[in-house]
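Undergrad: This is the structure I want to talk about, given as C-alpha coordinates.
The values are calculated or read from the model by the stated rules, or taken from the named source; none is laboratory data. Since the structure is predicted, the reported quantities are computational estimates derived from the model, not experimental observations. Ideal geometry is used to build each Cβ from the backbone, glycine not excepted, and the neighbour counts take in all protein chains shown. Remember, those area values only see protein heavy atoms, side chains included, never the ligands or the DNA or RNA. Shrake-Rupley method; radii C 1.70, N 1.55, O 1.52, S 1.80 Å.
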Amino acid sequence: MNEYLYGHVGDSYEWHITTVNGHEVSIPLPVIVISKQGRGAHCFSSRHLHHGNEYAGFRIADEGKYSGKIVERASDGSLVRPWDFSVTKNVAGLLINSLVLLVIVLGCSSWYRKHDACEEAPQGAVGLFEMLVTMVENDIIKDCVGDDYKRYSPYLLTAFFFIFINNLMGIVPFFPGGANVTGNIAVTLVLALFTFFAVNIFGNKHYWKDILWPDVPTWLKVPLPLMPLIEIIGIFTKPFSLMVRLFANILAGHFMILGVVAVIFLTAEMGPLVNGGLSVIAILIGVFMDILELLVAFVQAYVFTMLSAVFIGLSRQKPAKE
(Lines give C-alpha, C1' and ligand atoms only; values in the text may rest on other atoms or scores of the structure.)
Protein backbone atom coordinates (compact mmCIF):
# COMPACT_ATOMS: atom_id res chain seq x y z
CA MET A 1 0.00 0.00 0.00
CA ASN A 2 2.84 2.42 0.78
CA GLU A 3 4.37 1.84 -2.64
CA TYR A 4 0.96 2.18 -4.31
CA LEU A 5 -0.03 5.39 -2.49
CA TYR A 6 3.30 7.20 -2.52
CA GLY A 7 4.05 6.00 -6.04
CA HIS A 8 1.00 7.91 -7.31
CA VAL A 9 1.43 11.12 -5.31
CA GLY A 10 5.22 11.20 -5.32
CA ASP A 11 7.52 12.69 -7.92
CA SER A 12 9.38 10.62 -10.50
CA TYR A 13 11.75 10.90 -13.46
CA GLU A 14 9.17 9.47 -15.85
CA TRP A 15 5.45 9.90 -16.44
CA HIS A 16 3.76 6.55 -15.91
CA ILE A 17 0.72 6.12 -18.20
CA THR A 18 -0.51 2.56 -17.65
CA THR A 19 0.57 -1.08 -17.49
CA VAL A 20 -0.34 -3.47 -20.32
CA ASN A 21 0.26 -7.20 -19.80
CA GLY A 22 2.89 -6.47 -17.18
CA HIS A 23 4.65 -3.95 -19.43
CA GLU A 24 4.81 -0.39 -18.12
CA VAL A 25 3.89 2.33 -20.58
CA SER A 26 5.52 5.59 -19.56
CA ILE A 27 6.91 8.81 -21.00
CA PRO A 28 10.62 9.31 -20.24
CA LEU A 29 11.58 12.79 -19.09
CA PRO A 30 14.89 14.64 -19.51
CA VAL A 31 17.48 14.17 -16.77
CA ILE A 32 19.76 17.17 -16.21
CA VAL A 33 22.48 16.68 -13.59
CA ILE A 34 25.84 18.20 -12.69
CA SER A 35 28.23 15.83 -10.98
CA LYS A 36 29.84 16.72 -7.66
CA GLN A 37 32.58 14.17 -8.38
CA GLY A 38 34.11 15.92 -11.39
CA ARG A 39 32.11 14.09 -14.07
CA GLY A 40 30.71 17.34 -15.50
CA ALA A 41 27.18 18.14 -16.63
CA HIS A 42 24.95 15.54 -18.29
CA CYS A 43 21.61 15.64 -20.06
CA PHE A 44 19.95 12.38 -21.11
CA SER A 45 16.63 10.55 -21.15
CA SER A 46 15.41 8.92 -17.96
CA ARG A 47 14.88 5.77 -20.04
CA HIS A 48 18.57 4.99 -19.47
CA LEU A 49 17.91 4.64 -15.74
CA HIS A 50 15.09 2.09 -15.96
CA HIS A 51 15.12 -0.91 -13.60
CA GLY A 52 18.12 0.29 -11.59
CA ASN A 53 20.40 0.73 -14.60
CA GLU A 54 23.41 3.01 -14.27
CA TYR A 55 24.23 5.58 -16.93
CA ALA A 56 27.26 7.91 -17.04
CA GLY A 57 27.89 7.11 -13.39
CA PHE A 58 24.35 8.00 -12.27
CA ARG A 59 21.45 5.84 -11.16
CA ILE A 60 18.20 6.09 -9.21
CA ALA A 61 18.60 4.91 -5.63
CA ASP A 62 16.12 2.20 -4.63
CA GLU A 63 16.64 2.45 -0.88
CA GLY A 64 18.09 4.65 1.83
CA LYS A 65 17.60 8.35 2.41
CA TYR A 66 17.95 9.10 -1.32
CA SER A 67 15.40 6.50 -2.39
CA GLY A 68 13.80 7.48 -5.71
CA LYS A 69 16.42 10.18 -6.37
CA ILE A 70 19.35 10.24 -8.76
CA VAL A 71 22.66 9.53 -7.03
CA GLU A 72 26.29 8.99 -7.93
CA ARG A 73 29.02 7.11 -6.09
CA ALA A 74 31.70 9.14 -4.31
CA SER A 75 35.36 8.15 -4.08
CA ASP A 76 34.80 6.61 -0.64
CA GLY A 77 32.02 4.40 -1.99
CA SER A 78 29.11 6.35 -0.47
CA LEU A 79 26.16 7.58 -2.49
CA VAL A 80 25.81 11.35 -2.93
CA ARG A 81 23.32 13.54 -4.73
CA PRO A 82 24.52 15.47 -7.79
CA TRP A 83 23.14 18.91 -8.62
CA ASP A 84 19.79 17.79 -10.02
CA PHE A 85 17.88 20.05 -12.43
CA SER A 86 15.87 17.27 -14.06
CA VAL A 87 12.40 17.75 -15.51
CA THR A 88 10.48 15.42 -13.20
CA LYS A 89 6.79 14.52 -13.40
CA ASN A 90 5.77 17.41 -11.15
CA VAL A 91 7.90 19.86 -13.14
CA ALA A 92 6.41 18.61 -16.41
CA GLY A 93 2.92 18.83 -14.90
CA LEU A 94 3.64 22.36 -13.72
CA LEU A 95 4.69 23.40 -17.23
CA ILE A 96 1.71 21.70 -18.89
CA ASN A 97 -0.80 23.18 -16.45
CA SER A 98 0.76 26.64 -16.83
CA LEU A 99 0.45 26.28 -20.61
CA VAL A 100 -3.22 25.29 -20.24
CA LEU A 101 -3.84 28.37 -18.09
CA LEU A 102 -2.00 30.57 -20.58
CA VAL A 103 -4.11 29.24 -23.47
CA ILE A 104 -7.33 29.89 -21.52
CA VAL A 105 -6.32 33.45 -20.58
CA LEU A 106 -5.11 34.35 -24.09
CA GLY A 107 -8.23 32.76 -25.61
CA CYS A 108 -10.48 34.91 -23.43
CA SER A 109 -8.35 37.97 -24.15
CA SER A 110 -8.74 37.32 -27.87
CA TRP A 111 -12.54 37.29 -27.51
CA TYR A 112 -12.54 40.68 -25.76
CA ARG A 113 -10.31 42.18 -28.43
CA LYS A 114 -12.78 41.11 -31.13
CA HIS A 115 -16.05 41.98 -29.32
CA ASP A 116 -17.52 44.89 -27.44
CA ALA A 117 -18.30 43.51 -23.98
CA CYS A 118 -20.67 46.43 -23.32
CA GLU A 119 -22.94 45.29 -26.15
CA GLU A 120 -22.36 41.53 -26.28
CA ALA A 121 -22.18 39.21 -23.29
CA PRO A 122 -19.56 36.44 -23.51
CA GLN A 123 -20.78 32.86 -23.70
CA GLY A 124 -19.37 29.47 -22.81
CA ALA A 125 -15.85 29.26 -21.41
CA VAL A 126 -15.26 33.00 -21.80
CA GLY A 127 -18.39 33.78 -19.81
CA LEU A 128 -17.37 31.33 -17.08
CA PHE A 129 -13.90 32.86 -16.90
CA GLU A 130 -15.35 36.38 -16.68
CA MET A 131 -17.65 35.26 -13.85
CA LEU A 132 -14.70 33.82 -11.89
CA VAL A 133 -12.54 36.90 -12.45
CA THR A 134 -15.37 39.19 -11.35
CA MET A 135 -16.07 37.06 -8.29
CA VAL A 136 -12.43 36.99 -7.17
CA GLU A 137 -11.93 40.69 -7.91
CA ASN A 138 -15.06 42.00 -6.20
CA ASP A 139 -15.71 39.51 -3.43
CA ILE A 140 -12.14 38.79 -2.34
CA ILE A 141 -9.52 41.25 -3.52
CA LYS A 142 -11.50 44.50 -3.37
CA ASP A 143 -13.08 43.78 0.02
CA CYS A 144 -9.97 42.37 1.70
CA VAL A 145 -7.17 44.57 0.36
CA GLY A 146 -8.83 47.95 0.40
CA ASP A 147 -8.50 51.11 -1.67
CA ASP A 148 -5.33 50.17 -3.59
CA TYR A 149 -6.58 46.65 -4.43
CA LYS A 150 -5.80 47.07 -8.14
CA ARG A 151 -2.11 47.06 -7.29
CA TYR A 152 -2.37 43.46 -6.07
CA SER A 153 -5.08 42.14 -8.38
CA PRO A 154 -2.68 40.71 -11.00
CA TYR A 155 -0.85 38.59 -8.41
CA LEU A 156 -3.95 37.43 -6.53
CA LEU A 157 -5.87 36.57 -9.71
CA THR A 158 -2.84 34.67 -11.02
CA ALA A 159 -2.51 32.78 -7.73
CA PHE A 160 -6.20 31.82 -7.74
CA PHE A 161 -6.30 30.50 -11.30
CA PHE A 162 -2.86 28.87 -11.04
CA ILE A 163 -3.91 26.89 -7.96
CA PHE A 164 -7.37 26.14 -9.37
CA ILE A 165 -6.06 24.78 -12.68
CA ASN A 166 -3.37 22.69 -10.98
CA ASN A 167 -5.93 21.31 -8.53
CA LEU A 168 -8.27 20.34 -11.35
CA MET A 169 -5.53 18.78 -13.47
CA GLY A 170 -4.38 16.79 -10.45
CA ILE A 171 -7.77 15.07 -10.31
CA VAL A 172 -7.63 13.94 -13.96
CA PRO A 173 -6.41 10.31 -13.79
CA PHE A 174 -4.77 10.18 -17.22
CA PHE A 175 -2.07 12.10 -19.11
CA PRO A 176 -1.59 15.08 -19.13
CA GLY A 177 -3.36 15.16 -15.75
CA GLY A 178 -2.53 13.33 -12.56
CA ALA A 179 0.60 15.23 -11.51
CA ASN A 180 0.51 16.10 -7.82
CA VAL A 181 1.63 19.72 -8.27
CA THR A 182 -0.23 21.55 -5.50
CA GLY A 183 0.24 18.50 -3.28
CA ASN A 184 3.99 19.13 -3.46
CA ILE A 185 5.18 21.23 -0.54
CA ALA A 186 7.91 22.88 -2.65
CA VAL A 187 5.25 24.41 -4.91
CA THR A 188 3.08 25.62 -2.03
CA LEU A 189 6.21 27.00 -0.33
CA VAL A 190 6.98 29.21 -3.34
CA LEU A 191 3.36 30.41 -3.52
CA ALA A 192 3.43 31.26 0.20
CA LEU A 193 6.73 33.12 -0.25
CA PHE A 194 5.16 35.32 -2.94
CA THR A 195 2.48 36.35 -0.46
CA PHE A 196 5.12 36.79 2.25
CA PHE A 197 7.11 39.19 0.07
CA ALA A 198 3.98 41.07 -1.08
CA VAL A 199 2.96 41.61 2.54
CA ASN A 200 6.29 42.58 4.06
CA ILE A 201 7.94 44.49 1.23
CA PHE A 202 4.94 46.71 0.52
CA GLY A 203 3.63 46.96 4.08
CA ASN A 204 3.16 50.57 5.22
CA LYS A 205 4.53 52.31 8.31
CA HIS A 206 1.42 51.55 10.34
CA TYR A 207 1.87 47.82 9.67
CA TRP A 208 5.45 47.81 10.94
CA LYS A 209 4.55 50.05 13.86
CA ASP A 210 1.90 47.52 14.96
CA ILE A 211 4.54 44.80 14.82
CA LEU A 212 7.49 46.52 16.46
CA TRP A 213 5.57 48.79 18.86
CA PRO A 214 1.94 47.62 19.13
CA ASP A 215 -0.75 49.51 21.05
CA VAL A 216 -0.61 47.42 24.22
CA PRO A 217 0.44 48.21 27.81
CA THR A 218 4.08 49.25 28.02
CA TRP A 219 5.01 46.38 30.34
CA LEU A 220 4.24 43.99 27.45
CA LYS A 221 6.88 45.76 25.31
CA VAL A 222 9.66 46.71 27.74
CA PRO A 223 11.90 45.53 29.25
CA LEU A 224 10.87 42.18 27.76
CA PRO A 225 9.54 42.69 24.18
CA LEU A 226 6.86 40.03 24.55
CA MET A 227 4.24 41.38 22.12
CA PRO A 228 6.75 42.51 19.44
CA LEU A 229 8.27 39.04 19.58
CA ILE A 230 4.85 37.42 19.11
CA GLU A 231 4.08 39.77 16.21
CA ILE A 232 7.42 38.98 14.53
CA ILE A 233 6.73 35.26 14.86
CA GLY A 234 3.33 35.93 13.27
CA ILE A 235 5.08 37.34 10.18
CA PHE A 236 6.37 33.82 9.44
CA THR A 237 3.47 31.72 10.73
CA LYS A 238 1.04 33.33 8.27
CA PRO A 239 2.81 32.15 5.09
CA PHE A 240 3.59 28.85 6.83
CA SER A 241 -0.13 28.27 7.36
CA LEU A 242 -0.78 29.07 3.69
CA MET A 243 1.87 26.56 2.61
CA VAL A 244 0.74 23.71 4.87
CA ARG A 245 -3.01 24.19 4.38
CA LEU A 246 -2.89 23.92 0.60
CA PHE A 247 -0.33 21.10 0.60
CA ALA A 248 -2.08 19.00 3.26
CA ASN A 249 -5.60 19.33 1.86
CA ILE A 250 -4.66 18.44 -1.70
CA LEU A 251 -2.40 15.56 -0.63
CA ALA A 252 -5.05 14.18 1.73
CA GLY A 253 -7.64 14.29 -1.06
CA HIS A 254 -5.40 12.23 -3.34
CA PHE A 255 -4.72 9.72 -0.57
CA MET A 256 -8.43 9.30 0.15
CA ILE A 257 -9.33 8.61 -3.49
CA LEU A 258 -6.38 6.22 -3.94
CA GLY A 259 -7.30 4.44 -0.71
CA VAL A 260 -10.88 3.88 -1.91
CA VAL A 261 -9.69 2.54 -5.27
CA ALA A 262 -7.21 0.24 -3.50
CA VAL A 263 -10.12 -1.61 -1.85
CA ILE A 264 -10.91 -3.20 -5.24
CA PHE A 265 -7.48 -4.81 -5.43
CA LEU A 266 -7.02 -5.57 -1.73
CA THR A 267 -10.20 -7.69 -1.71
CA ALA A 268 -9.42 -9.56 -4.94
CA GLU A 269 -8.49 -12.76 -3.06
CA MET A 270 -11.57 -12.75 -0.83
CA GLY A 271 -13.79 -14.28 -3.48
CA PRO A 272 -15.96 -12.82 -6.24
CA LEU A 273 -18.91 -12.06 -3.94
CA VAL A 274 -16.97 -10.00 -1.41
CA ASN A 275 -14.73 -8.42 -4.05
CA GLY A 276 -17.66 -7.61 -6.32
CA GLY A 277 -19.75 -6.07 -3.54
CA LEU A 278 -16.90 -3.99 -2.14
CA SER A 279 -15.83 -2.97 -5.65
CA VAL A 280 -19.27 -1.50 -6.37
CA ILE A 281 -19.17 0.37 -3.05
CA ALA A 282 -15.61 1.56 -3.75
CA ILE A 283 -16.61 2.84 -7.21
CA LEU A 284 -19.61 4.73 -5.85
CA ILE A 285 -17.58 6.27 -3.03
CA GLY A 286 -14.75 7.00 -5.50
CA VAL A 287 -17.13 8.88 -7.83
CA PHE A 288 -18.49 10.82 -4.85
CA MET A 289 -14.94 11.62 -3.71
CA ASP A 290 -14.00 12.83 -7.20
CA ILE A 291 -17.01 15.17 -7.23
CA LEU A 292 -16.04 16.36 -3.76
CA GLU A 293 -12.48 16.96 -5.00
CA LEU A 294 -13.88 19.34 -7.63
CA LEU A 295 -15.32 21.40 -4.80
CA VAL A 296 -12.08 21.13 -2.81
CA ALA A 297 -10.09 22.28 -5.86
CA PHE A 298 -12.11 25.49 -5.96
CA VAL A 299 -12.30 25.99 -2.18
CA GLN A 300 -8.53 25.65 -1.69
CA ALA A 301 -7.80 28.17 -4.46
CA TYR A 302 -10.43 30.48 -2.95
CA VAL A 303 -9.07 30.14 0.61
CA PHE A 304 -5.43 30.70 -0.42
CA THR A 305 -6.38 33.81 -2.40
CA MET A 306 -8.67 35.14 0.35
CA LEU A 307 -6.07 34.69 3.12
CA SER A 308 -3.36 36.24 0.93
CA ALA A 309 -5.65 39.21 0.27
CA VAL A 310 -6.43 39.50 4.00
CA PHE A 311 -2.73 39.47 4.92
CA ILE A 312 -1.97 42.06 2.26
CA GLY A 313 -4.92 44.18 3.40
CA LEU A 314 -3.68 44.10 7.00
CA SER A 315 -0.29 45.38 5.81
CA ARG A 316 -1.98 48.29 4.00
CA GLN A 317 -4.29 49.46 6.78
CA LYS A 318 -4.23 53.09 7.78
CA PRO A 319 -4.35 54.24 11.41
CA ALA A 320 -7.83 54.99 12.67
CA LYS A 321 -8.69 58.67 12.85
CA GLU A 322 -9.29 60.08 16.30
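Undergrad: Would you mind telling me the share, in percent, of accessible area of the chain contributed by carbon and sulfur at probe 1.4 angstrom?
TA: 67
Undergrad: Next up: Just by accessible area at a 1.4 angstrom probe, what is the order of Trp213, Trp83, Trp111, Trp219 from largest to smallest?
TA: Order by accessible area, largest first: Trp219, Trp83, Trp213, Trp111.
Undergrad: Another question about this same structure. Report the residue, chosen from Val216, Val244, Val33, that carries the largest GNM mean-square fluctuation when the chain is represented by alpha-carbon nodes joined by springs under 10 Å.
TA: Maximum fluctuation in the GNM of the chain, among the listed residues, is at Val216.
Undergrad: Would you please give the residues with an amide H less than 5 Å from that of Ile17, counting only those at least 5 places away or on a separate chain, with H modeled from the backbone geometry?
TA: Val25, Ser26, Ile27
Undergrad: Go ahead and set up a Gaussian network model of the chain, Cα springs under 10 Å, then flag whichever of Gly52, Gly253, Gly40 fluctuates most.
TA: Most flexible of the set in this elastic network: Gly40.
Undergrad: To the nearest 500 deg cm²/dmol, what mean residue ellipticity at 222 nm is calculated for the chain from DSSP H runs of n ≥ 4 alone, each contributing -39,500 (n - 2.57), summed and divided by the residues?
TA: -19000 deg cm²/dmol
Undergrad: So what's the gap between the Cα centers of the range 23-47 and the range 221-262, to the nearest angstrom?
TA: 34
Undergrad: Restrict the search to the range 19-110; then list the trypsin sites (Lys or Arg not before Pro) that DSSP places in a loop and that have at most 13 other Cβ atoms within 10 Å of their Cβ.
TA: Of the trypsin sites (Lys or Arg not before Pro), the ones in loops of the range 19-110 whose Cβ has at most 13 other Cβ atoms within 10 Å are Lys36, Lys65.
Undergrad: With 23 Å as the cut-off, how large is the P(r) tail for the range 40-154, expressed as percent of Cα-Cα pairs?
TA: Value for the range 40-154: 58 percent of Cα pairs lie more than 23 Å apart.
Undergrad: While we're on this one: Search the structure for amide H atoms under 5 Å from the amide H of Arg39, placed 1.01 Å from N in the peptide plane, and list their residues when 5 or more places away or on another chain.
TA: none
Undergrad: Now for a separate question. With just the Cα atoms defining each centre, how far is the range 122-154 from the range 277-322? Give it in Å.
TA: 17
Undergrad: Going by amide H atoms built from the backbone, whose H comes under 5 Å of the H on Ser12, apart from near neighbours?
TA: Answer set, sorted by chain and number: Lys89, Asn90.
Undergrad: Right, next: Using 30 Å as the Cα-Cα cut-off, could you pick out the over-long pairs in Lys150/Lys205; Lys142/Lys205; Lys89/Lys142; Lys36/Lys238?
TA: Pairs exceeding the cut-off: Lys89/Lys142; Lys36/Lys238.
Undergrad: Once you've got the GNM for the chain with C-alpha springs shorter than 10 Å, pick whichever of Phe265, Phe236, Phe288 has the biggest mean-square fluctuation.
TA: Ranking Phe265, Phe236, Phe288 by mean-square fluctuation puts Phe265 first.
Undergrad: Name the helices (complete DSSP H segments) of the chain with a Cα length along the long axis of 30 Å or more and a Kyte-Doolittle mean of at least -0.5, or state none.
TA: The qualifying helices are 89-114, 226-266, 272-315.
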